[in-house]
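Trainee: This is the structure I have questions about; it appears just below.
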Amino acid sequence: MGSKQHIDIDLREQTLTLLDEGDREIKQYDVSTAAKGGGEFEGSNQTPRGKHRIRAKIGADQPPGTVFKNRRPTGEIYSVELAESAPRRDWVLSRILWLCGEEIGRNRLGGMDSMRRLIYIHGAADTAVMGKPGSTGCIRMSNSDVIDLFDRIEVGTKVVIHE
């Protein structure tokens with residue numbers, strides 16, 4: 001594997017591409033980023049741009065559809081019935097890749113800190129449309145895709161988010 005792999009997230013195309021050390025595509029996934037577009041400020045509900053890295057991988061060995069709250073499994077598995085009980089909830093499911101900004105004054109420290117903003121790459125409800133903006137800041141993926149990505153990368157993997 002090796003941490004020479006890196007991730008490119010394109011807000012315009014709504015794609016996440018895993019690349020090898022020679023910038024060759026390993027795999028591309030459809031994602032759903034912020035409905036409000038790119039932006040770094042706390043409370044903006046926008047997806048932060050710039051250089052990041054994977055700070056933590058959360059949820060290894062959890063079953064697909066595991067529901068997370070505050071980065072901890074709740075013991076629930078996502079279902080239609082559960083979704084109907086909390087219709088406005090932005091579900092964090094299956095796996096969490098927690099992002100840390102690398103650019104002081106852009107996405108690290110102060111009111112623009114991606115990690116403090118709890119910006120993740122995470123699994124989403126089956127009803128979340130991929131390939132189209134719709135999140136409140138995070139990068140949402142289908143559950144099977146986020147599990148696949150999680151298993152391919154390491155903590156420290158570089159991530160670039162751009163428009």
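Trainee: Are there any strands (runs of 3 or more DSSP E) wholly within the range 70-150 with 1 or more residues that are under 21 Å from I58 (Cα atoms), among the acidic types (D, E) and open to solvent by 50 Å² or more (accessible area, probe 1.4 Å), and if so which?
Mentor: Qualifying strands (runs of 3 or more DSSP E): 72-77.
Trainee: Looking only at the range 1-20, which residues are open to solvent by 50 Å² or more (accessible area, probe 1.4 Å) and either touching a Phe, Trp or Tyr at 6+ places or on another chain (Cβ under 9 Å) or modelled with pLDDT of 95 or more (or both)? Write out each step before concluding.
Mentor: At the first step, the residues of the range 1-20 found to be open to solvent by 50 Å² or more (accessible area, probe 1.4 Å) are 1, 3-4, 12-13.
Scanning the range 1-20 gives R12, E13.
Trainee: Return the residues of the range 44-77 that are touching a helix residue (DSSP H, G or I) at 6+ places or on another chain (Cβ under 8 Å) and closer than 17 Å to A128 by Cα; say none if nothing qualifies.
Mentor: Residues satisfying the conditions are P64, G65, V67.
Trainee: Still on this structure, I have one more. Tell me, please, whether a residue that is assigned to a strand (DSSP E or B) and open to solvent by 50 Å² or more (accessible area, probe 1.4 Å) can be found in the range 36-46.
Mentor: First pass over the range 36-46, keeping only residues assigned to a strand (DSSP E or B): 38.
Within this subset, residues satisfying the condition of being open to solvent by 50 Å² or more (accessible area, probe 1.4 Å) are none.
Checked against the condition, which is being assigned to a strand (DSSP E or B) and open to solvent by 50 Å² or more (accessible area, probe 1.4 Å), the range 36-46 yields no hits at all.
Trainee: If V146 satisfies all but one of (1) at negative phi; (2) in contact with a helix residue (DSSP H, G or I) (Cβ under 8 Å, 6 or more places away or on another chain), what's the number of the condition it fails?
Mentor: Among (1) at negative phi; (2) in contact with a helix residue (DSSP H, G or I) (Cβ under 8 Å, 6 or more places away or on another chain), V146 violates only (2).
Trainee: Here's a follow-up. Can you tell me which residue within the range 21-35, out of those that are open to solvent by 40 Å² or more (accessible area, probe 1.4 Å) and in contact (Cβ under 8 Å) with a residue 24 or more places away in the chain, is farthest from A125 (Cα to Cα)?
Mentor: It comes out as I26.
Trainee: What residue, of R71, R95, R108, R55, is modelled with pLDDT of 95 or more and more than 26 Å from K4 (Cα to Cα)?
Mentor: Result of the check over R71, R95, R108, R55: R71.
Trainee: Also: Please count how many residues of the range 80-92 are modelled with pLDDT under 95 and among the β-branched types (V, I, T).
Mentor: Residues in the range 80-92 being modelled with pLDDT under 95 and among the β-branched types (V, I, T): 1 in total.
The values are calculated or read from the model by the stated rules, or taken from the named source; none is laboratory data. For clarity, every value in this text was computed on a predicted model and none was experimentally measured. Ideal geometry is used to build each Cβ from the backbone, glycine not excepted, and the neighbour counts take in all protein chains shown. We work out accessible area using only protein heavy atoms, side chains counted, and drop any ligands, DNA or RNA first. Shrake-Rupley method; radii C 1.70, N 1.55, O 1.52, S 1.80 Å.
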